[in-house]
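Report on one structure; see the data block that follows.
The values are calculated or read from the model by the stated rules, or taken from the named source; none is laboratory data. Keep in mind the model is a prediction, meaning the values are calculated, not measured. Backbone-built Cβ (ideal geometry, glycine too); neighbour counts: all protein chains shown. Remember, those area values only see protein heavy atoms, side chains included, never the ligands or the DNA or RNA. Shrake-Rupley method; radii C 1.70, N 1.55, O 1.52, S 1.80 Å.
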Amino acid sequence: MISDLAVIGFALFLHAHVWYAISLLKKRNDVADVAWGFGFILVAWFAFFVSDYRGWRGGLSAILVTIWGARLARHIHLRNREKVEDARYQA
């Protein structure tokens, strides 16, 4: 039987690789900053659905993490949208 942490870890592994492919297509490494917010959302919902406890507290936690993670991803995306890539990423 696969453990819950292994499922969450594999989902996060796939998430990181999808965003890596996006960074190659866009030729910008700063999309990784946007991916952080979505990564938190992914972990919260996978943890909620694969765990044995799916009570209202777990659901509320996943919803709150979703709001926070979406806000974080949107904020970083809007901040970086029309700017050149940060020099730290280019190095």
For this session: Can you give me the number of residues within segment 20-64 that are among the hydrophobic types (A, V, I, L, M, F, W, C), open to solvent by less than 70 Å² (accessible area, probe 1.4 Å) and more than 17 Å from the chain's Cα centre (by Cα)?
Result: 1
Problem set entry | Candidates R71, R79, R57, filtered to the one that is among the charged types (D, E, K, R), assigned to a helix (DSSP H, G or I) and at pLDDT 95 or above | R71
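When you go through V43, V65, V31, V50 one by one, which is the residue that is free of Cβ contacts under 8 Å to residues at least 40 places away in the same chain and within 17 Å of G9 (Cα to Cα)?
Values: V65 fails: within 17 Å of G9 (Cα to Cα); V31 fails: within 17 Å of G9 (Cα to Cα); V50 fails: free of Cβ contacts under 8 Å to residues at least 40 places away in the same chain.
One residue alone meets the criteria, V43.
Within segment 1-19, how many residues turn out to be open to solvent by less than 60 Å² (accessible area, probe 1.4 Å), in contact (Cβ under 8 Å) with a residue 12 or more places away in the chain and of a type outside the set (A, V, I, L, M, F, W, C)?
Start the filter on segment 1-19 by keeping residues that are open to solvent by less than 60 Å² (accessible area, probe 1.4 Å), which leaves 6-9, 11, 15-16, 19.
After this cut, where a residue has to be in contact (Cβ under 8 Å) with a residue 12 or more places away in the chain as well, the list is 7-8, 11, 15-16, 19.
This time we only want the ones that are of a type outside the set (A, V, I, L, M, F, W, C), so: 15.
Number satisfying all stated conditions: 1.
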